[in-house]
1. How are the C-alpha pair distances of the chain spread across 5 Å bins, as whole percents from the shortest bin up?
2. What ranking, highest mean first, results for peptides 67-78, 20-31, 82-93 when packing means the other Cβ atoms within 10 Å averaged over each residue?
3. Using r as the Cβ-Cβ distance of residue 49 and residue 8, and R0 as 25 Å, what FRET efficiency do you calculate, to the nearest 0.05?
4. For residue 31 and residue 109, FRET efficiency with R0 = 25 Å and r from the beta-carbon atoms, rounded to 0.05?
5. Please build a GNM for the chain, connecting alpha carbons under 10 Å apart, and tell me which residue among 17, 80, 66 fluctuates the most.
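All of the numbers you see were taken from the coordinates with simple rules; none came from a lab. If you're wondering where the values come from, they're calculated on a predicted model, not measured in any experiment. Note that each Cβ is placed from the backbone with ideal geometry, even for glycine, and that neighbours are counted across all protein chains shown.
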């Protein structure tokens with residue numbers, strides 16, 4: 001497969017790559033390896049609320065890699081709410097999106 005530039009990916013392609021990544025919170029706080037999975041069993045694609053209006057999803061190109069617990073669970077962004085999530089983990093949704101984007105770029109650079 002030819003190497004792809006992140007700027008040429010469709011939203012679906014980007015989201016599928018994100019799902020191969022481990023959860024950003026688990027990597028940071030729970031010693032989970034940052035290595036991607038061979039399939040989409042890594043994470044869920046969280047659409048952050050920054051840059052989107054009320055009740056509107058942000059574009060696929062800014063999704064964040066989060067496991068089910070840190071996405072939808074009691075200790076996750078939807079379970080806690082954005083403000084409590086930032087208070088507990090010390091990282092914003094925008095910062096997590098940037099970290100995920102950097103991991104996708106790294107993943108793309110490995111592809112041959």
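1. 2, 13, 23, 26, 19, 10, 5, 1, 0
2. So the order, starting with the most tightly packed, is 20-31, 67-78, 82-93.
3. In this case the efficiency is close to 0.40.
4. Given R0 = 25 Å and the Cβ-Cβ separation, E is 0.55.
5. 80
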